[in-house]
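Read through the structure below, which is laid out as structure tokens, and then see the notes.
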Amino acid sequence: MLVFVVVCVLMISIIWSSVKLLHTIWWRPKKIENQLKKQGIHGYPYRLMHGNTKEMMKLAMETNNSSTRSSMESPHDILPRINPLLHNLATTHKKAFVVWYGTTPRVAIMETKLIKEILLNKFGDFPKTEINSFTKLFATGLASYDGHKWSKHRKIINPAFHFDKLKQMLPAFSTCTQELIEKWENLVNQEGCCELDVSVEFLNLTGDVISRAAFGSNFEEGRLIFLLQKEQGKLFLQSMRLNINFPLLRFMPTKVNKRMRQIYGEVRGLLRGITEKREKSIQTGKDEKDDLLSLLLKSNMKELQENQDSNAGMTTEDVIEECKLFYFAGQETTANLLTWSMIALSMHQDWQELAREEVLKIFGKNKPTSDDLNHLKIVNMILLEVLRLYPPTSLIRRTTKKTKLGDFYLPAGVQLFIPLHIVHRDPEQWGEDALEFNPERFAEGIAKASKDQVSYFPFGWGPRICIGQNFALLEAKLALSQILQHFSFELAPTYTHAPSAAITLQPQYGAQIILHKL
């Protein structure tokens, strides 16, 4: 009798697990696919388990070895290269379409009034996508939170990124940039000119800047954290590519997984040590620093004292995660902005000359000040245009329940994808020259650059707009200005224009630039 009961329980468990699996990998996706089709949201058909990932990989491989310069009328028409599947769908579906990432439907939204609903009017109905335990090894922090935790962290972190506080960090920015300028001058002096990959140079520059700006006197420890996070990013990208075909790999004790967990522990240990020392200095009144860490900790202590509630502030673990996010967001976005700016200005020498004339007129050969940087109209226009054509990434939200969006009724479990590379190039919003590099479109500011203001959001939009955008733009403006003061530059013959969408948008084969000293 006992054996019979055990066998029955085992059989029921197997049947239940099989039904649940079948529901996850077939019935549910097909049901959602049909619901979307009835509302006019089409795409490539859902395939068992892998969704559209095989089509994506096949199309990506076909374009991977080609350059946009050789295949496109404009070098800035990059979507066919970075995501040919999206490009194919966007040419036939102007309002919305669906792409299947495994069993998860991702609906691309390109209509500006719907984007406004997602990012502003109903932003609470569309939370960020959930991150898995493997992604948490890399970074979490403010960018991945929702609800009360997000609002609490945003309130505490905000003072650290106030523009007046950022201006006090300008000497740290300038020190790092000056070290880069001196390094480049030594290279140029040897031959009269030199070729280098500026994408690598700018990653090191922005890593140094965030180390100084975030940790001040703990710069050397900060630099070590930067190197570890840099290695973690490479491992994360490598693992992410493998997981597309073998999703269970992230749970296995592979060499990559072991190293990622080791780095995770090392970074947390270093950050915990720095944070606890700094907290003690603040509590004893010995801390007079205005770096990001001190500003964050002081704001956190203020929140705890005012509310007399330990839940009102961040824990040490929370602070550690925010510091890890400083590195990822602060390094990647600014390094990419500077890299694509150098590439664009090398392609468009007329704008390089105009920018240099402006910089020399305002600064001469002096170091830029925060007040002077505010007068850089042309440089600012150039950076805004680069962010339009080469935004670092796109925005993804999700539905947790059946949700109305415009005329659509979206079921729970749908991801909403706002493809900046498409919206930022929409000729209906940006005009016939939408694929061209034309900073003049920003002459009267962002609001008048396009038909609809919700057509431009490289740092997001609405309440969840990137908290570090002023940090990134100030750093980029300072660095580009100092480079223009000392060098002219052009694309090297070895450069291939091949934008590639990794975690962020990067030049696949590097950014080889020839520098000439002025």
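Quickly run through region 443-464 and pick out the residues that are polar (S, T, N, Q) and either surrounded by fewer than 19 Cβ atoms within 10 Å (Cβ to Cβ) or touching a strand residue (DSSP E or B) at 6+ places or on another chain (Cβ under 6 Å) (or both). Break it down stepwise before answering.
We begin by selecting, within region 443-464, every residue polar (S, T, N, Q); these are 450, 453, 455.
Q453, the sole residue that qualifies.
In region 179-193, how many residues are surrounded by 13 or more Cβ atoms within 10 Å (Cβ to Cβ), more than 13 Å from L518 (Cα to Cα) and not charged (D, E, K, R)?
2
Going through region 279-309 one residue at a time, which ones are closer than 13 Å to K155 by Cα, in contact (Cβ under 8 Å) with a residue 40 or more places away in the chain and among the aliphatic types (A, V, I, L, M)?
L295, L296
Every residue, every condition in (1) in a strand (DSSP E or B); (2) surrounded by 24 or more Cβ atoms within 10 Å (Cβ to Cβ); (3) at pLDDT 95 or above; (4) in contact with a strand residue (DSSP E or B) (Cβ under 9 Å, 6 or more places away or on another chain), yes or no:
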residue	(1), (2), (3), (4)
Y327	no, yes, no, no
W340	no, yes, yes, yes
L345	no, yes, yes, yes
E358	no, no, yes, no
Y409	yes, no, yes, yes
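Going residue by residue through region 433-442, is there one that turns out to be in contact with a helix residue (DSSP H, G or I) (Cβ under 6 Å, 6 or more places away or on another chain), more than 23 Å from Y145 (Cα to Cα) and surrounded by fewer than 16 Cβ atoms within 10 Å (Cβ to Cβ)? Quick ask: steps written out before the conclusion?
To start, the set of residues in region 433-442 that are in contact with a helix residue (DSSP H, G or I) (Cβ under 6 Å, 6 or more places away or on another chain) comprises 434, 437, 439, 442.
From what's left, more than 23 Å from Y145 (Cα to Cα): 434, 437, 439, 442.
Next, only the ones that are surrounded by fewer than 16 Cβ atoms within 10 Å (Cβ to Cβ) stay: none.
Looking through region 433-442, none of the residues is in contact with a helix residue (DSSP H, G or I) (Cβ under 6 Å, 6 or more places away or on another chain), more than 23 Å from Y145 (Cα to Cα) and surrounded by fewer than 16 Cβ atoms within 10 Å (Cβ to Cβ).
Can you spot a residue in region 117-129 that is more than 24 Å from E428 (Cα to Cα), touching a residue at least 24 places away in the same chain (Cβ under 8 Å) and either polar (S, T, N, Q) or crowded, with 21+ Cβ neighbours inside 10 Å (or both)?
Yes.
List, please: which pairs have Cβ atoms under 8 Å, are six or more places apart or on different chains, and start with a residue in region 315-339 that is in contact (Cβ under 8 Å) with a residue 60 or more places away in the chain and under 17 Å from E231 (Cβ atoms) and end with one that is part of a helix (DSSP H, G or I) and among the charged types (D, E, K, R)?
These pairs meet every condition: Q331/K230.
(1) over 21 Å from the mean Cα position of the chain (by Cα); (2) buried (at least 17 other Cβ atoms within 10 Å of the Cβ); (3) closer than 24 Å to L491 by Cβ; (4) not acidic (D, E): which one isn't true of L170, the others all being true?
That leaves (3) as the condition not met.
Going by what's in this entry, would E33 be described as surrounded by 15 or more Cβ atoms within 10 Å (Cβ to Cβ), out of contact with any Gly (no Cβ under 6 Å at 6 or more places or on another chain), at pLDDT 95 or above and not aliphatic (A, V, I, L, M)?
Working: surrounded by 15 or more Cβ atoms within 10 Å (Cβ to Cβ): yes; out of contact with any Gly (no Cβ under 6 Å at 6 or more places or on another chain): yes; at pLDDT 95 or above: yes; not aliphatic (A, V, I, L, M): yes.
In short, yes.
With respect to K230, determine if the residue is assigned to a helix (DSSP H, G or I), in contact with an Asp or Glu (Cβ under 8 Å, 6 or more places away or on another chain) and basic (K, R). Even if it seems obvious, please write down each step before you answer.
Numbers: assigned to a helix (DSSP H, G or I): yes; in contact with an Asp or Glu (Cβ under 8 Å, 6 or more places away or on another chain): no; basic (K, R): yes.
Criteria not met by K230.
Kindly check whether there is at least one residue in region 357-376 that is under 30 Å from P127 (Cα atoms) and out of contact with any Asp or Glu (no Cβ under 9 Å at 6 or more places or on another chain). Talk me through it step by step, then tell me what you get.
Start the filter on region 357-376 by keeping residues that are under 30 Å from P127 (Cα atoms), which leaves none.
Within region 357-376 (the criterion being under 30 Å from P127 (Cα atoms) and out of contact with any Asp or Glu (no Cβ under 9 Å at 6 or more places or on another chain)), the answer is no, since none of the residues qualifies.
Residue pairs, Cβ under 8 Å, 6 or more apart or interchain, first in region 84-96 and within 17 Å of T53 (Cβ to Cβ), second among the β-branched types (V, I, T) and not in a helix (DSSP H, G or I). List them.
Correct list of pairs: L85/V99; L86/V99; L89/V99.
From (1) more than 21 Å from D197 (Cβ to Cβ); (2) buried (at least 23 other Cβ atoms within 10 Å of the Cβ); (3) among the aliphatic types (A, V, I, L, M), pick out the condition that doesn't hold for L373.
(2)
From (1) farther than 19 Å from L389 by Cα; (2) surrounded by 14 or more Cβ atoms within 10 Å (Cβ to Cβ); (3) at pLDDT 85 or above; (4) among the aliphatic types (A, V, I, L, M), pick out the condition that doesn't hold for L48.
Every listed condition holds for L48 apart from (2).
Of all residues being out of contact with any helix residue (DSSP H, G or I) (no Cβ under 8 Å at 6 or more places or on another chain) and buried (at least 20 other Cβ atoms within 10 Å of the Cβ) in region 416-432, which is nearest to T24 (Cα to Cα)? Just the residue, please. Lay out the reasoning, then the answer.
First, pick out the residues of region 416-432 that are out of contact with any helix residue (DSSP H, G or I) (no Cβ under 8 Å at 6 or more places or on another chain): 417, 420, 427-428, 432.
Right, trim to buried (at least 20 other Cβ atoms within 10 Å of the Cβ) and you get 417, 420.
Numbers: F417: 21, L420: 30 Å.
In this case the residue turns out to be F417.
One residue is enough: does region 436-450 have a residue meeting the conditions more than 25 Å from Q349 (Cβ to Cβ) and of a type in the set (A, V, I, L, M)? Spell out how you get there, then give the answer.
Here is the first cut: in region 436-450, the ones more than 25 Å from Q349 (Cβ to Cβ) are 445-448, 450.
Going one step further and asking which of them are of a type in the set (A, V, I, L, M), we end up with 446-447.
Looking through region 436-450, at least one residue is more than 25 Å from Q349 (Cβ to Cβ) and of a type in the set (A, V, I, L, M).
Could you say whether any residue in region 238-259 is over 24 Å from the mean Cα position of the chain (by Cα), modelled with pLDDT under 85, of a type in the set (A, V, I, L, M) and surrounded by 13 or more Cβ atoms within 10 Å (Cβ to Cβ)?
Looking through region 238-259, at least one residue is over 24 Å from the mean Cα position of the chain (by Cα), modelled with pLDDT under 85, of a type in the set (A, V, I, L, M) and surrounded by 13 or more Cβ atoms within 10 Å (Cβ to Cβ).
Please go through region 90-110 and give me each residue that is surrounded by fewer than 17 Cβ atoms within 10 Å (Cβ to Cβ) and closer than 10 Å to G406 by Cβ, ordered by number.
K95
Going by what's in this entry, would A139 be described as under 30 Å from P463 (Cβ atoms) and more than 21 Å from the chain's Cα centre (by Cα)? Working first, answer last.
Working: under 30 Å from P463 (Cβ atoms): yes; more than 21 Å from the chain's Cα centre (by Cα): no.
No: the conditions fail for A139.
Filter region 20-39 down to the residues that are in contact with a Phe, Trp or Tyr (Cβ under 9 Å, 6 or more places away or on another chain) and not polar (S, T, N, Q) and list them by number.
As a first pass, look at region 20-39 and keep what is in contact with a Phe, Trp or Tyr (Cβ under 9 Å, 6 or more places away or on another chain): 26, 29-30, 32-33, 35-36, 39.
Selection gives W26, P29, K30, I32, E33, L36.
Of all residues being under 24 Å from C466 (Cα atoms) and without any contact (Cβ under 8 Å) to a residue 60 or more places away in the chain in region 173-210, which is farthest from the chain's Cα centre (by Cα)? Just the residue, please.
C176
Being modelled with pLDDT under 90 and either closer than 23 Å to V414 by Cβ or not in a helix (DSSP H, G or I) (or both) is the filter here; which residues of region 60-90 pass it? Talk me through it step by step, then tell me what you get.
The initial filter retains those residues of region 60-90 that are modelled with pLDDT under 90, namely 60-74.
Matches in region 60-90: N64, N65, S66, S67, M72, E73, S74.
Quick check on region 162-178. Is at least one of its residues of a type in the set (A, V, I, L, M, F, W, C), closer than 25 Å to P507 by Cβ and in contact with an Asp or Glu (Cβ under 6 Å, 6 or more places away or on another chain)? So that I can check it myself, show each step before the final result.
Taking region 162-178 as the starting set, the residues that turn out to be of a type in the set (A, V, I, L, M, F, W, C) are 163, 166, 169-170, 172-173, 176.
Going one step further and asking which of them are closer than 25 Å to P507 by Cβ, we end up with 173, 176.
Going one step further and asking which of them are in contact with an Asp or Glu (Cβ under 6 Å, 6 or more places away or on another chain), we end up with 173, 176.
The answer is yes; a qualifying residue exists.
The values are calculated or read from the model by the stated rules, or taken from the named source; none is laboratory data. No experiment lies behind these values; they were computed from the predicted model shown. Backbone-built Cβ (ideal geometry, glycine too); neighbour counts: all protein chains shown.
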